[in-house]
Amino acid sequence: MSLKDRLEKDKIESNHVIKKNDIHDNSNEALKNKIQNKIIQELSVDYKKANEKYDELKDNIEKLSEEMLKDEKITLTSKEKEKIISEILDEIIGFGPISPFLRDKDVTEIMVNGCSQIYVEKNGKLIKTNKKFKDNTHVYHVIDKIVAPLGRRIDESSPMVDARLPNGSRVNAIIPPLSLKGPSLTIRKFSEDPFGITDLVGFGTLTSQMAEFIKACVQGRLNVVVSGGTGSGKTTTLNVLSSFIPHNERIVTIEDAAELQLPQEHVVSLETRPPNVENKGEITIRDLVRNSLRMRPDRIIVGEVRSGEALDMLQAMNTGHDGSLTTGHANSPRDMLSRLETMVLMAGMELPIKAIREQIASAVNLIVQQSRLRDGSRKITYITEVQGMEGDVIILQDIFKFHQYGLDNKGRVIGEFKFTGIKPSFIENLVSKGISIPTGLFI
């Protein structure tokens, strides 16, 4: 029986209609599905262990594919054959049509809007790809492959989930009825080889002068908040700042989904836990911050403060855990202070605004503002010192600032980093701790 006859017989089940002269379009898709189903049936593929036997599975897929193509008397070019085998491997071992983007080092974010739209961010720009899922069930299957091994679930009773891939990439999934266009999947990729400060200088995120200054601040145990919008590179910068912490200190990291990749040996990583089916057992960032204080940390690093945990974090910074680091969403250093005030109020403590501001002014030494600019580039636009209180107002002083002058004919941002000319008030404190301040840093 020819391939055409067999597919015609199975078209009710497979919904594939193959025409003899359309062999390079629909038939390739049908052939791929047919080979894939046979491989799963014959090899009894365990999806959870598929990665462990990648080479063996790849060899078996190639052999079975060759046999089936020979039986069906179909002639394909070597390129078409490689494409079919690659897509089958992506379905069985990887995550379907998004697998090539996960392998592409230039892609930093993947966005799936239902089954028919896949966007990626590449070099800071959003691009619509020509890849698609077969249907919404296909998207559900990929989401389940991501979250199931982590003990997470997603269904109508729990239609949102945060998770991470084995390589550390952060995943968010949301499904109907909350998502009206079908299941939505967003993957924020992180480099398997974490960026260092020299990488950021090379990217133009900051200057070597600014890098030396930030390094001195972290080594001098100043409390630093990295602020910025979504996708501005806060986590990457936090990871770089964390790498400056001396190796003889005990570090406790606290995150919703573990993303930080610290080179130090003495690191304890804590991760939140969502509620179970009975809506019990949830462990929040705030719970972990409180617990970390009993773990004898030299430094506490909170991946992101977004609620009442801000109060616990500020108290930790004020009670001997100096040198702590965190990130927060804000558009400017001043906005970050307002956000911290709001988050402290979310803790349920009826504190007067002045008391909250005094806590913030006493706890936070430095705000590093990161922004994603119009051309997709990411830059540290402000390094700002928190100088204390004057009346009811927290006094801020910019130390370094990025000045944007416009765009060139290719749409790239034109600007430069500048030292404001004002020497930070904590420099003498850093010198007294033995921190080396390079000569000419503030020129």
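The values are calculated or read from the model by the stated rules, or taken from the named source; none is laboratory data. Owing to the predicted nature of the structure, the values given are computational and were not obtained by experimental measurement. Reconstructed Cβ throughout: ideal geometry from the backbone, glycine too, with neighbour counts over all protein chains shown.
Pick from E350, E309: which is surrounded by fewer than 16 Cβ atoms within 10 Å (Cβ to Cβ) and farther than 30 Å from K122 by Cα? Among E350, E309, only E350 is surrounded by fewer than 16 Cβ atoms within 10 Å (Cβ to Cβ) and farther than 30 Å from K122 by Cα. Checked against (1) within 18 Å of V224 (Cβ to Cβ); (2) assigned to a loop (DSSP other than H, G, I, E, B); (3) touching a residue at least 40 places away in the same chain (Cβ under 8 Å), P424 meets all criteria but (3). Test R164 against the stated conditions and say whether it is within 13 Å of the chain's Cα centre (by Cα), more than 30 Å from A361 (Cα to Cα) and not hydroxyl-bearing (S, T, Y). Spelling it out, R164 is indeed within 13 Å of the chain's Cα centre (by Cα), more than 30 Å from A361 (Cα to Cα) and not hydroxyl-bearing (S, T, Y).
The residues in the stretch 153-169 that are in contact with an Asp or Glu (Cβ under 8 Å, 6 or more places away or on another chain), under 15 Å from A257 (Cα atoms) and assigned to a loop (DSSP other than H, G, I, E, B) can be counted, and the count is 2. If you check L270 against the conditions, is it modelled with pLDDT of 90 or more and either buried (at least 17 other Cβ atoms within 10 Å of the Cβ) or under 23 Å from N167 (Cβ atoms) (or both)? For L270, the condition - modelled with pLDDT of 90 or more and either buried (at least 17 other Cβ atoms within 10 Å of the Cβ) or under 23 Å from N167 (Cβ atoms) (or both) - is met.
Here is the figure for the stretch 293-303: residues that are crowded, with 19+ Cβ neighbours inside 10 Å and over 12 Å from L270 (Cβ atoms) total 1. Residue pairs whose Cβ atoms lie under 7 Å apart, separated by 6 or more positions or on different chains, with the first residue in the stretch 274-298 and at pLDDT 90 or above and the second surrounded by fewer than 18 Cβ atoms within 10 Å (Cβ to Cβ) and not in a loop (DSSP other than H, G, I, E, B), are I283/R273; M295/V268. Taken over the stretch 94-126, residues that are crowded, with 16+ Cβ neighbours inside 10 Å and among the acidic types (D, E) amount to 2. Of all the listed residues (D392, D398, D375, D408), the sole one being in the same structural domain as H321 (by TED's automatic domain parsing), out of contact with any strand residue (DSSP E or B) (no Cβ under 8 Å at 6 or more places or on another chain), surrounded by fewer than 21 Cβ atoms within 10 Å (Cβ to Cβ) and on the phi < 0 side of the Ramachandran plot is D392. A single entry from L314, L325, L345, L337 fulfils the requirement of being more than 16 Å from V386 (Cβ to Cβ) and out of contact with any Gly (no Cβ under 7 Å at 6 or more places or on another chain): L345. Inspect all residues belonging to the stretch 21-35 and state whether any of them is crowded, with 16+ Cβ neighbours inside 10 Å, outside the structural domain of G182 (by TED's automatic domain parsing), of a type in the set (S, T, Y) and at pLDDT below 75. Taking every residue of the stretch 21-35 in turn, at least one turns out to be crowded, with 16+ Cβ neighbours inside 10 Å, outside the structural domain of G182 (by TED's automatic domain parsing), of a type in the set (S, T, Y) and at pLDDT below 75. Residues of the stretch 72-130 that are part of a loop (DSSP other than H, G, I, E, B), of a type in the set (K, R) and within 22 Å of the chain's Cα centre (by Cα): K105 alone. Would you check if there is a residue in the stretch 154-167 being crowded, with 17+ Cβ neighbours inside 10 Å, more than 23 Å from E192 (Cα to Cα) and modelled with pLDDT of 90 or more? Looking for residues that are crowded, with 17+ Cβ neighbours inside 10 Å, more than 23 Å from E192 (Cα to Cα) and modelled with pLDDT of 90 or more, one finds none in the stretch 154-167, hence no. From the set of residues in the stretch 170-200 that are surrounded by 17 or more Cβ atoms within 10 Å (Cβ to Cβ) and assigned to a strand (DSSP E or B), which is modelled with the lowest pLDDT? Only one residue fits best here, namely R170. Residue pairs whose Cβ atoms lie under 6 Å apart, separated by 6 or more positions or on different chains, with the first residue in the stretch 331-348 and charged (D, E, K, R) and the second outside any helix (DSSP H, G or I), are R339/G328; R339/A330. Number of residues in the stretch 215-234 that are assigned to a helix (DSSP H, G or I) and touching a strand residue (DSSP E or B) at 6+ places or on another chain (Cβ under 7 Å) equals 3.
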